[in-house]
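The values are calculated or read from the model by the stated rules, or taken from the named source; none is laboratory data. This one's a predicted model, so the numbers in the text were calculated from it and none came from an experiment. Using ideal geometry, Cβ is built from the backbone for each residue, glycine included, and neighbour counts are taken over all protein chains shown.
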Amino acid sequence: MRGREWPIGVFDSGVGGLTVLRALRDRLPEESFLYLGDTARLPYGSKSPETVARYAEQASRILVERGIKALVIACNTASAVALERLRERFGPLPVIGVVEPGAAAACEAAPRGRILVIATEGTVRGGAYERAIRALRPEAAVISAPCPLFVALAEEGWVDGPIAAAVARRYLDPFLIKEEIECVVLGCTHFPALRGVLAEVVGPGVALVDSAESAARVVAAQLAEVGLRAPAGQEGGLRFLATDAPQRFQRVGALFLGEAIGGVELVDL
């Protein structure tokens, strides 16, 4: 029987999902979290759907076995290809991905349905955001663009300045000029780290939709619905697991989480 005091499990292929964890902590400061970064097998975005689904199930099982009250897939690629599989495998445990909440937020932010999704190659290839958006807004004009260099820039900490701005303009300018984009979906958990420079490039007339913030709202609502929200005023906790290079996880992960990361337990999937 899951308890209100149990942690929320969060997993990603690496450190990018820490932007989702950051959004979750901002919205649910009283909750505890157990985060797993599958750093030995990243990136997921360039792998086949079958491989990603298998990796996602293995990572989820580690968290479930340690005792969690909800599972958050803080990886757009894994959310796109493995969400239903994980719900079938681990239900009735609440399982929340980042694609569906991000799609819903995009529909709200684009009155005329002119939406650009930027993501990894794997997420773009799978078309999950386009399907999720069109399920809500069939008339929406959705364009998806892979922006793989954003991942490298984020992991190096080059999230502002002329290099980041030049890369962002190279990726985004053709769409912003020709397509009358109303909203850009940050369809990779690394991309919120570049939010400042992306906002400068797209300008004030284009909304940036962060799927991390949208997913955090959904998690809060689902926990409340099933009576599993931690008591107000409780002090939440953080634990970290990684499948490789825990020291690098600590160093790079701090850029995404916005604070220093303490001990990281090495696990083998």
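Structure notes:
- Residues being farther than 26 Å from His190 by Cβ and either in a loop (DSSP other than H, G, I, E, B) or among the aromatic types (Phe, Trp, Tyr) (or both) - total across segment 212-236: 10
- Residue pairs meeting the criteria (Cβ under 7 Å; at least 6 apart or on separate chains; first without any contact (Cβ under 8 Å) to a residue 12 or more places away in the chain and more than 13 Å from Leu198 (Cβ to Cβ), in segment 154-170; second among the polar types (S, T, N, Q) and outside any helix (DSSP H, G or I)): none
- Considering segment 141-156, the residues that are among the aliphatic types (A, V, I, L, M) and crowded, with 20+ Cβ neighbours inside 10 Å include one that is modelled with the highest pLDDT, namely Val142.
- Just one of the listed residues (Ala78, Ala40, Ala70, Ala82) is at pLDDT 95 or above, on the phi < 0 side of the Ramachandran plot and either of a type outside the set (Val, Ile, Thr) or within 18 Å of the chain's Cα centre (by Cα) (or both), namely Ala70.
- Considering segment 21-113, the qualifying helices (runs of 4 or more DSSP H), each wholly inside and each with 1 or more residues that are free of Cβ contacts under 8 Å to residues at least 24 places away in the same chain and closer than 13 Å to Ile8 by Cα, run over 49-66.
- Only one of the numbered conditions (1) in contact with an Asp or Glu (Cβ under 8 Å, 6 or more places away or on another chain); (2) under 23 Å from Ile62 (Cα atoms); (3) of a type in the set (D, E, K, R) is not met by Glu235, and that is (2).
- Lone unmet requirement of (1) modelled with pLDDT of 95 or more; (2) surrounded by fewer than 17 Cβ atoms within 10 Å (Cβ to Cβ) for Val95: (2)
- For segment 172-191, the criterion of being buried (at least 22 other Cβ atoms within 10 Å of the Cβ) and in the same structural domain as Ser60 (by TED's automatic domain parsing) is met by none of the residues.
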